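Everything on this sheet refers to the single structure shown next.
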Amino acid sequence: MLDRVTGMQIFVRVVALGSLSAAARSLGISQTMATKHVGAIEERLGVKLLHRTTRRLTLTEAGRRYLESAERILAEVEEAEAAASAERLEVQGVLRVNAPLSFGFREVAPLMAEFTRLHPAVTIDLGLNDRFVDLIEEGWDVAVRIGRLQDSTMVARRIAPCRLALCGSPTYLAERGTPRTVAELVDHNCLGYTLSRALGPNEWAFGADGKAKVAIKGNLRVNNGDALVAAAVAGQGLIYEPTFVVSDELRAGRLVALMLDQPMLELPGVFAVYPSNRHPPAKVRAFVDFLAQRFGPNPPWDKGLKLQEGQRWQESIMI
């Protein structure tokens, strides 16, 4: 079956130019093909659209009604295509962003005012939670993810490093002592993060490759980093958390960063993840570039902190 939209385009051009041959030439097709398209429309509708004579073409009553509808439909098609193209080329529309709760609240949300000032045609729909979201199924444009990524068909761009710090409050350290080695952690109340293997409630990993592991125990297990920080500040125990969670408390002296005989683990990084597409929407490209510029190899949350040397920074893009 011949394409209906093409048939409409040919019919409208025939009426505008007054002949099949002129319409065919203007569209770069043969007169035979133009005739087939118009004939297919008439056959499908069961009416004559044109009166044909050797000298000219004139519209029938049905042809006039069809012309009005065809012109309206073609205008709507052009408008739809223009809107879709603008979505790819112009930074506009609703941008749905998903981020982990603590990182999103501390680092992403405060940047939204600046991003929307730079791109006033964008509206942000920011979702914060710590569960793994399916971008395609749930309709997210981009997600911020921390740590090791799962295999997927998504594009992932590393936008910041993710360093860890082992911390305790001055009160806790005064009462329980300051551990100097990984092995000494077995004698401390270690508060575990239930959503991570490396920082979990039963085992912590140290060393550049994460192979120095130690069994830990503690009287609190939490699925949120900010809750762990609150407990540590109150003197309940030690926490092993990303620096973006503890940086404010370290600068204020409410927590103290500890150094052991093994370096702190550095997670693979903070990533912006979005669906694979040869031409991602401009709003997605602009947002990912914006985050990479604001974070980068020396993110704001690490400024002023004394940190061990971690992995060499490398901004990576993976599919």
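The values are calculated or read from the model by the stated rules, or taken from the named source; none is laboratory data. Predicted model, so just to flag it, every value in this text is computed and none were measured. In this analysis, Cβ positions are derived from the backbone assuming ideal geometry, glycine residues included, and neighbour counts consider all displayed protein chains.
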Inset, instruction - Could you please tell me which pairs satisfy a Cβ distance under 6 Å, a separation of 6+ or placement on different chains, a first residue in region 187-200 that is crowded, with 19+ Cβ neighbours inside 10 Å, and a second residue that is among the aromatic types (Phe, Trp, Tyr)? - result: Leu199/Tyr193; Leu199/Tyr240
Inset, instruction - State which residue is surrounded by the fewest Cβ atoms within 10 Å (Cβ to Cβ) when the search covers only region 50-75 and only residues that are touching a strand residue (DSSP E or B) at 6+ places or on another chain (Cβ under 7 Å) and not polar (S, T, N, Q). - result: His51
Legend entry - Restricting region 17-46 to residues that are without any contact (Cβ under 8 Å) to a residue 24 or more places away in the chain and closer than 15 Å to Ser69 by Cα, the residue that is nearest to the chain's Cα centre (by Cα): Leu45
Inset, instruction - Please verify whether region 60-68 includes one or more residues that are at pLDDT 85 or above, under 30 Å from Leu149 (Cβ atoms) and touching a His at 6+ places or on another chain (Cβ under 8 Å). - result: no
